[in-house]
2 protein chains.
Amino acid sequence: MATSRTVRARRPGGRSALVRDAVYTAVGQLVGQGHREDMTIPQVAERAGVNPTSIYRRWGSIDALLGEVAVAALTRDEPLPDTGSIAGDLRAWARVIAADITRPERTAYLRAMISARTGSVDHCPCWDQRSEQAELMIQRARERGEVTPTSAQVLTHVVAPLYHHVVFGLAADADYADALVADTLALAARPH
Amino acid sequence: MATSRTVRARRPGGRSALVRDAVYTAVGQLVGQGHREDMTIPQVAERAGVNPTSIYRRWGSIDALLGEVAVAALTRDEPLPDTGSIAGDLRAWARVIAADITRPERTAYLRAMISARTGSVDHCPCWDQRSEQAELMIQRARERGEVTPTSAQVLTHVVAPLYHHVVFGLAADADYADALVADTLALAARPH
DNA sequence: GAACAAAAGCAAAATGCTTTGCTATAGTGA
DNA sequence: TCACTATAGCAAAGCATTTTGCTTTTGTTC
């Protein structure tokens, strides 16, 4: 994991950023090894080669840190499929999502993000991102004159079930993704 | 919360059960007050009027305890709607689910359950319960000669999006529930 | 009702997380 | 380059959680 995110900070370059990256990397490694539940700040600090105090002062708690890293990891943007039809695009996209979020670290990050979420927060960066992606594919398809589902339908009937399944420990494979897309396309095709 | 669950234990009556109930109640109160994140075993023990050691020896960690209480709270069975049509049943059922899981304690429990879930677990008691409920309503409707969605479709296109929305902090109100049911019924109506 | 066994209570010790005051380091702007 | 400031490092103290060995209570069985 290299220096990729440009968090607006007073001192974006230099040591601050180095420490942050080292900490992010350490958290990533621990999550990868299945230590999401029992992660502690001293642990992360040691692995990052950083003083625990620095983490305490910057993030306050392991949950806040984990939440931040999770969001960062889950919102890196990937290339969108462009197959020439909305059906093909959605199918490819859904499969990529399924494959992505079923990877153990990703699942762990998702759970961390959910766990960190407090009642007051009412929007979710990774959901916003999926929404934008859906909009884009639909936009393109409409310009080609295709009949398409709405982005709300795509989010509700394709993305939500995938995330739900993963988060609750149910199967979310390519077949499931395909079925979701098929249903959603059927919804769109029906006369309004 | 009274003595309702009959966990198969060597000594089902008596002190063991009393301690368990007191602990469950204490956890419930703390969750209700928004202390899911910062709950500790000594805290729960004091509120339950129980020795911390007892909790350590029985549950091991606060996460294990929270997970257990969450599952217990989320799988108490409610009466199913019986309106005479699958459309009415599903609409009523979806609204009840939405209203139920958007209550703050319920949302907290859901998140606790998700957080407690490890990769190896591949089924979810509260999902199983929803599945059984859906099957029952569909069964009844089919005996009346109605065209119905499959239970898989209901779970995927009604229940999953509701849970997803709640868990990720998005809105899940009666309107959303209605829209989900409408879409699912439309799917069922379409010629195969 | 007496013996047995399982679980709870108790208290002290140990462990490890967290805080705090201070110093050192390193970016930023003149 | 120099002053300034934000952040990191350090070390010690404080504190809460967790463990442990033992005793007590209480349900179960004969």
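Considering only Cα atoms, the convex hull volume of segment B:27-151 works out to 115 Å³ per residue. In segment B:81-156, the ratio of gyration radius to Kirkwood radius, Rg to Rh, stands at 1.05 when only Cα atoms are counted. Assuming R0 = 41 Å, can you tell me the calculated FRET efficiency for the pair B:ASN51 and A:ASP77, based on Cβ-Cβ distance, to the nearest 0.05? Result of the calculation: an efficiency of 0.20.
Among B:140-146, A:63-69, sorting by the average number of other beta carbon atoms lying within 10 angstrom of each residue, highest first, gives A:63-69, B:140-146. Rounded to the nearest 20, the Cβ-based charge dipole of chain A about its Cα centre (Lys and Arg +1, Asp and Glu -1) stands at 800 debye.
With Rh defined as the Kirkwood radius, the inverse of the mean 1/r over Cα pairs, the Rg/Rh of segment B:117-182 is 1.03.
When the Gaussian network model of chain A links Cα atoms closer than 10 Å, the mean-square fluctuations of A:ALA17, A:ALA108, A:ALA116 top out at A:ALA17. Which of B:THR118, B:GLN43, B:THR107 sits closest to the plus end of the dipole of segment B:19-125, meaning its Cα is farthest towards the positive end, when Lys and Arg get +1 and Asp and Glu get -1 on the C-beta? About the Cα centre, the residue reaching furthest to the positive side is B:GLN43.
Would you work out if the protein assembly as shown is rounded, prolate or oblate? Take a ≥ b ≥ c from the square roots of the eigenvalues of the alpha-carbon gyration tensor; rounded if a/c is under 1.5, else prolate when a/b is larger than b/c, oblate otherwise. Oblate, since a/c reaches 1.5 and b/c is not below a/b. Neighbouring Cβ atoms from other chains, within 10 Å of the Cβ of residues in A:109-116, number 4 on average. Remark: label point of A:GLU46 defined 7 Å out from Cα along the Cα-Cβ vector; separations to the same position in other copies 3.0 nm, ascending.
Laboratory data are not the source of any read-out in this text; all were calculated from the coordinates shown. Small disclaimer: the values here were computed from a predicted structure and weren't measured. Note that each Cβ is placed from the backbone with ideal geometry, even for glycine, and that neighbours are counted across all protein chains shown.
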